Amino acid sequence: MSETLSTLAQPCRHQEEIRKSRFLALAAPVESGEQALAFVREAGDPTATHNCWAYRIGQDYRFNDDGEPGGTAGRPILQAIEGQQMDRVAVVVTRWFGGIKLGAGGLVRAYGGTTAECLRRAERRPIIPMATLALSCGFAELALLKARLHELDASLAAETFTARGADLRLMLPVTRVDEAVSRIADLTRGEGIAARID
């Protein structure tokens, strides 16, 4: 996946009717496997014939066919997530059986296609790889550094006071790390020492 990955800006849904069966895809941004499984439990409809699902969060992924023939539902949902260059996403596709069997190929197309269309229509936001910087500075530089964090797209993740000043943990985009280290050295006249720790 060479393109920039994205996730959903907010939950979304898409519904299709395929040969009298109704398919409803519900998708949501997630940050952990636990959050994804909680979404799956919440989004599934116990009155439906099947609640098939998949999620991907980095290298962590899972899928489930919920009674459909093996490989015809969960895996196509996961492949649709990957095909849309998305990550940190969970999708549940609920099927209400309409009386006409779709066959294995038809199920793959129905589950994968409903998912892909749901994600295509969704509002996205890019996933920006983040880094953590550890920074030690004196009390004299602390207020100035904290006032300038927004210029580096950085946020303060932790702050511990020491005898000579403070130890800070900053979160910022990976692409801004080198600039931040240099800028911190300039702002503190070489007194503030910043290093990437992740």
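Whether any residue in the stretch 21-34 is in contact (Cβ under 8 Å) with a residue 12 or more places away in the chain and assigned to a helix (DSSP H, G or I) is what I want to check. Checked the stretch 21-34: at least one residue is in contact (Cβ under 8 Å) with a residue 12 or more places away in the chain and assigned to a helix (DSSP H, G or I). Inspection of the stretch 91-113 identifies no residue that is over 30 Å from PRO76 (Cβ atoms) and touching a residue at least 40 places away in the same chain (Cβ under 8 Å).
Counting only strands (runs of 3 or more DSSP E) that sit wholly inside the stretch 102-198, those with at least 1 residues that are more than 27 Å from GLN15 (Cβ to Cβ) and over 25 Å from the mean Cα position of the chain (by Cα) are 130-138, 155-161, 165-173, 193-196.
In the stretch 68-87, is there at least one residue being farther than 18 Å from THR7 by Cα, out of contact with any strand residue (DSSP E or B) (no Cβ under 8 Å at 6 or more places or on another chain) and open to solvent by 50 Å² or more (accessible area, probe 1.4 Å)? Yes, some residue in the stretch 68-87 is farther than 18 Å from THR7 by Cα, out of contact with any strand residue (DSSP E or B) (no Cβ under 8 Å at 6 or more places or on another chain) and open to solvent by 50 Å² or more (accessible area, probe 1.4 Å).
Would you check which residues across the stretch 96-122 are modelled with pLDDT of 90 or more and either among the polar types (S, T, N, Q) or in contact with a Lys or Arg (Cβ under 7 Å, 6 or more places away or on another chain) (or both) and list them? Correct list: TRP96, THR114, THR115, CYS118.
The values are calculated or read from the model by the stated rules, or taken from the named source; none is laboratory data. Please read these numbers as outputs of a predicted model, since none were measured by experiment. Please note: Cβ atoms are built from the backbone with ideal geometry, for glycine as well, and neighbour counts cover all protein chains shown. These area figures cover heavy atoms from the full protein model, side chains too; ligands, DNA and RNA do not enter into them. Shrake-Rupley method; radii C 1.70, N 1.55, O 1.52, S 1.80 Å.
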